[in-house]
Amino acid sequence: QVQLVESGGGLVQTGDSLRLSCVASGLSFSVYNMGWFRQAPGKEREFVARVRWADGSTYYADSLKGRFTIFRDNAKNTVHLHMNSLEPEDTAIYYCAGGRVAGRAISGYEYWGQGTQVTVSS
């Protein structure tokens, strides 16, 4: 049974940094690419970043490039999202996802975590 468990969310202030983590069980990092999405209140879920299993290459939403960094620890089956210079607009539930295709589209991911809340106060 595949399980993705996110952690690290919380309440921070504008300009702060935060690191989210996602531990995957029952899912091999040697097969699945991993991604992060987020969903703000009243908005659709949107792509944030993904890391490929094959070569560790990363891909980001254009608007977040430079502030967010995704990286993985294969030995611990964990993927992280480090977020810098947080803004109130980054307030959302952040979801970890795993998929064989794993591009920008939600449909490319077969497995999802429950999400972790990030709130950025102004």
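The values are calculated or read from the model by the stated rules, or taken from the named source; none is laboratory data. Everything quoted here is computed from the prediction, not taken from an experiment. Glycine gets a Cβ as well: all are built from the backbone with ideal geometry, and neighbour counts include every protein chain shown. When the accessible area is computed, the model is the full protein with side chains, heavy atoms only, and any ligands, DNA or RNA have been set aside. Shrake-Rupley method; radii C 1.70, N 1.55, O 1.52, S 1.80 Å.
Some notes on this structure:
- Subset of region 99-114 that is open to solvent by 100 Å² or more (accessible area, probe 1.4 Å) and at pLDDT below 95 - its residue that is farthest from Gln1 (Cα to Cα): Arg104
- Residues being part of a helix (DSSP H, G or I), within 18 Å of Ser28 (Cβ to Cβ) and open to solvent by less than 80 Å² (accessible area, probe 1.4 Å) - total across region 40-95: 1
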